[in-house]
Amino acid sequence: MQTRVHRVAVVVAAAAMLPLALAGCSDSDSKDKASDSSSTAAPKGSDMDSPSGAMGTMSKPFGPACASVPKDGAGSFDGMAQDPVATAASHNPALSTLVTAVKKAGLVDTLNNAKNITVFAPTNDAFAKIPKADLDKVLNDKAQLTKILTYHVVGQKLAPKDLENGSYDTLEKSKLTTSGSGESYKVNDSANVVCGNVKTANANVHIIDTVLMPKN
């Protein structure tokens with residue numbers, strides 16, 4: 001008789017504990033799911049949280065001239081991202097005239113050591129628009145060359161969205177303006193961005209098809 005009573009008591013006790021055990025498992029599962037949900041959510045400020053999101057193209061270089069950039073090596077987009085801006089430009093064959101000018105002006109270290117800048121980089125074809133006699137004269141006038149080159153540099157990183165309707169102080173101390181949208185932008189209404197949003201270790205580079213001239 002005592003054995004039967006004991007068994008009944010055990011069964012009743014187990015039945016009483018069962019809801020508590022299930023509740024504990026439910027709470028644990030809910031917490032685990034919440035934890036999983038929070039761990040997979042995109043962090044604020046990430047590309048996924050931005051209007052363009054991971055599907056957007058504005059985080060990558062854009063423009064017709066980007067097609068000529070090497071797919072790998074130091075001159076590729078990934079390679080350029082590892083080097084400071086003057087060094088990165090030296091690996092891009094389309095910027096060889098600009099690199100020569102930067103060296104003549106003694107600006108290699110200035111550009112490489114600068115932090116968080118934007119460079120509007122004219123292509124070789126952009127320099128070719130300048131009559132050869134005039135270009136040779138500028139290349140041999142360090143003061144004038146420095147003035148022109150520093151006019152292509154802004155002391156902050158400009159993303160594509162910053163180019164839509166902008167006015168920025170340059171290292172030359174005067175302003176340049178930008179305009180456009182999508183993948184079509186102009187600088188000073190005269191130069192087209194032909195390969196924008198190129199990243200280097202210390203700068204954003206927007207490659208342009210015309211050499212910019214300071215207004216003063």
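The values are calculated or read from the model by the stated rules, or taken from the named source; none is laboratory data. Please read these numbers as outputs of a predicted model, since none were measured by experiment. Note: ideal-geometry Cβ built from the backbone for every residue, glycine included; neighbour counts use all protein chains shown. Note: accessible area is taken over every heavy atom of the protein model, side chains too, but ligands, DNA and RNA are not part of it. Shrake-Rupley method; radii C 1.70, N 1.55, O 1.52, S 1.80 Å.
Rounded if a/c is under 1.5, else prolate if a/b beats b/c, else oblate: with a ≥ b ≥ c from the C-alpha gyration tensor eigenvalues square-rooted, which is the stretch 60-191?
rounded
Counting Lys and Arg as +1 and Asp and Glu as -1, each charge on the Cβ, what is the dipole of the stretch 83-216 about the Cα centre in debye, to the nearest 20?
It comes to approximately 280 debye.
By accessible area of protein heavy atoms, probe 1.4 Å, what ranking do 117, 130 get, highest first?
The most accessible residue leads, giving 130, 117.
Pull out the extension gain between residue 142 and residue 128, defined as 0.36 nm times the separation in residues minus the alpha carbon to alpha carbon distance; nm, one decimal.
3.1 nm
Could you calculate the contour length gain from residue 165 to residue 100, that is, 0.36 nm times the residue separation minus the distance between their Cα atoms, to one decimal place in nm?
Result: 20.3 nm gained on full extension.
First compute the accessible area of the stretch 90-203 with a 1.4 Å probe, then give the percent of it belonging to carbon and sulfur atoms.
50
Applying 1/(1 + (r/R0)^6) with R0 = 25 Å to the Cβ-Cβ distance of residue 177 and residue 116, what FRET efficiency is obtained, to the nearest 0.05?
0.75
Take the Cα of residue 190, step 7 Å along the line toward its Cβ, and report every residue of the stretch 151-177 whose backbone nitrogen sits under 15 Å from that point.
151-153, 174-177
Probe of 1.4 angstrom, ligands and nucleic acids ignored: what's the accessible area per residue over the stretch 47-194, in square angstrom?
Per-residue value: 54 Å².
Using only protein heavy atoms and a 1.4 Å probe, report how much of residue 162 is accessible, in Å² to the nearest 10.
Approximately 50 Å² of residue 162 is accessible to the 1.4 Å probe.
Whole Å is fine, so just give me how far the alpha carbon centre of the stretch 106-130 lies from that of the stretch 63-90.
The stretch 106-130 and the stretch 63-90 have Cα centres spaced 14 Å from each other.
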